[in-house]
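Here's the structure, in structure tokens; my notes come after.
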Amino acid sequence: MLPLEGIKVLDLGSVLMAPYAAQWLADLGADVVKVETPTGDSTRRTGPTSEPGMAAIFLGTNRNKRSIVLDLRDPAGLAALLRLVDGADVFLHNIRPQKLAKLGIAPEVLMARNPRLIYAGLHGFGQDGPYGGQPAYDDIIQGMCGNADLMERQIGQPKYFSTVSADKTSGLVAAIGILAALAGRERSGVGGFVEIPMFETMVAFNLVEHLYGAHFDPPLGPTGYPRALAVARGPFRTADGYISMMPYTDRHWIDFFREVGAEDMLVDPLFIDIAARTSNIDLLYERLAAILLTRSSGEWLELCKRLEVPAAPVLKIDDLVHDEHLEETGFFEHLSDPRLGALLFPGVPLKFDGVRPGVRVPPRLGEHTREVLEEAGFAADEIAALLASGPDQQPSAAETRKPVAVAQPTL
């Protein structure tokens, strides 16, 4: 039994941030119902796919959920959603706040119907600031929160991180906030409103280390953690490739410099302790880089293992599927779907009492509309009327009976 079993979540999220937050709740055992428009989440059409409406980006953020279709512009669709809210524990969305009243799903409306409801608004910016209500996507927030500036400091030009870091980080923080609100409800018996703004979330994320000298008033130094911004920071080139290596403690550096015959570095005031090394990190990494060029990756990894200095090979994305550690721990999930065929998913990284939560294939658009409405007590004629406004993707009896074999996809 997973920790969130019995918790009912209505997920009105689209694209990535909110769906990712909801997926975490689903992975932890919550019954997450993804509420979609008749055209569905746009990510259903983003990336390669073997079945229309089930594209790669959608698969990455919607596993372990159920899907229903409701047209909230239709009074009947809105009324149906409100009835579902009555039995929900969590309602989350990433709709801009000014649109909520028009849709009839503003926080005060839903929490008045269901006082135990946790209402989570995943926004681009805090509602009470001058940016409130402005549209925001990952690239916009990466440009505003310091990501692009950090890259410019390191490589000489502003660039985004090569991952949707703002969406995913904000989604994780949203899941944490929702879990905290659920815990608070256990004590008070009353739900509440949780706001998760991307901009503020990413500013907080970046300033953990990069506020640096500006923690003090007046500042005792510039912003930016020198070690993370060092131009010479690895991965480091070796005689035959690259390795990731991070001597950090005094013991790491002492043992390494002695081993390679660089005893002069041990008494150099530029590198004598962690404070000195941090202040002169670029020069330190340049010296380290020159040393690492003299031997192969394998030799350095063996030496570092012996000295207990953190080091590892540099893996490519394509390497991860066959990584021996991930294979041995059973991290990846190999699934087979009657229509999509063989599928590969990263597993849930957490384990509870030694057991990793399972993974289910993300839902087709509206696949569970009938099922969810029946569970909520809707009459047959009400369900028929609502299904007429959108796709009913309930699997056929033949598909349900078709045996599912575990396949090993090749990448």
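The values are calculated or read from the model by the stated rules, or taken from the named source; none is laboratory data. Just so it is clear, the structure is predicted and the values come from calculations on it, not from any experiment. All Cβ positions, glycine included, derive from the backbone under ideal geometry; neighbour counts span all protein chains shown.
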Checklist entry - So which residues in region 201-239 are part of a loop (DSSP other than H, G, I, E, B), touching a residue at least 40 places away in the same chain (Cβ under 8 Å) and in contact with a Gly (Cβ under 8 Å, 6 or more places away or on another chain), if there are any at all? => result none
Next on the checklist: If I filter region 39-71 down to residues being on the phi > 0 side of the Ramachandran plot and surrounded by 20 or more Cβ atoms within 10 Å (Cβ to Cβ), which single residue comes out as modelled with the lowest pLDDT?
Outcome noted: Gly40
Checklist entry - Being of a type in the set (Gly, Ala, Ser) and either buried (at least 16 other Cβ atoms within 10 Å of the Cβ) or touching a helix residue (DSSP H, G or I) at 6+ places or on another chain (Cβ under 7 Å) (or both), is that true of even one residue in region 295-304? => result yes
Next on the checklist: Go through region 270-298 and report how many residues are in a loop (DSSP other than H, G, I, E, B) and without any contact (Cβ under 8 Å) to a residue 24 or more places away in the chain.
Outcome noted: 5
Checklist entry - Is it fair to say Arg370 is of a type outside the set (Ser, Thr, Tyr), surrounded by fewer than 15 Cβ atoms within 10 Å (Cβ to Cβ), outside the structural domain of Arg251 (by TED's automatic domain parsing) and in contact (Cβ under 8 Å) with a residue 12 or more places away in the chain? => result no
Checklist entry - Is it the case that region 81-101 has a residue that's farther than 29 Å from Gly189 by Cα, among the hydrophobic types (A, V, I, L, M, F, W, C), surrounded by fewer than 19 Cβ atoms within 10 Å (Cβ to Cβ) and in the same structural domain as Gly129 (by TED's automatic domain parsing)? => result no
Checklist entry - Among the residues of region 30-38, is any buried (at least 16 other Cβ atoms within 10 Å of the Cβ) and on the phi > 0 side of the Ramachandran plot? => result no
Checklist entry - How many residues does region 1-22 hold that are closer than 18 Å to Asp138 by Cα and either touching a Lys or Arg at 6+ places or on another chain (Cβ under 9 Å) or aliphatic (A, V, I, L, M) (or both)? => result 9
Next on the checklist: Condition first: at pLDDT 95 or above, under 19 Å from Ser14 (Cα atoms) and not aliphatic (A, V, I, L, M). Can you find one or more residues in region 101-119 that meet it?
Outcome noted: yes
Checklist entry - Of all the residues that make up region 180-200, how many are hydrophobic (A, V, I, L, M, F, W, C) and free of Cβ contacts under 8 Å to residues at least 40 places away in the same chain? => result 2
Checklist entry - Condition test on Asp74, is it out of contact with any helix residue (DSSP H, G or I) (no Cβ under 6 Å at 6 or more places or on another chain), acidic (Asp, Glu) and surrounded by fewer than 16 Cβ atoms within 10 Å (Cβ to Cβ)? => result yes
Checklist entry - Met144 fails exactly one of the following numbered conditions: (1) hydrophobic (A, V, I, L, M, F, W, C); (2) surrounded by fewer than 19 Cβ atoms within 10 Å (Cβ to Cβ); (3) closer than 13 Å to Met202 by Cα. What is the number of that condition? => result (2)
Checklist entry - Taking region 120-163 as the region of interest, how many residues are touching a residue at least 40 places away in the same chain (Cβ under 8 Å), among the polar types (S, T, N, Q) and closer than 20 Å to Val15 by Cα? => result 1
Next on the checklist: Six or more apart or on different chains, Cβ atoms under 6 Å: show the pairs whose first residue is in region 342-353 and within 14 Å of Met54 (Cβ to Cβ) and whose second is among the aliphatic types (A, V, I, L, M) and assigned to a strand (DSSP E or B).
Outcome noted: Leu343/Leu335
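For Glu367, are the conditions met, namely being at pLDDT 80 or above, under 19 Å from Val33 (Cβ atoms) and in contact with a Ser or Thr (Cβ under 8 Å, 6 or more places away or on another chain)?
When the stated conditions are applied, Glu367 passes them.
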Checklist entry - With respect to the numbered conditions (1) exposed (fewer than 15 other Cβ atoms within 10 Å of the Cβ); (2) within 24 Å of Cys304 (Cα to Cα), which one is the sole condition not fulfilled by Phe216? => result (2)
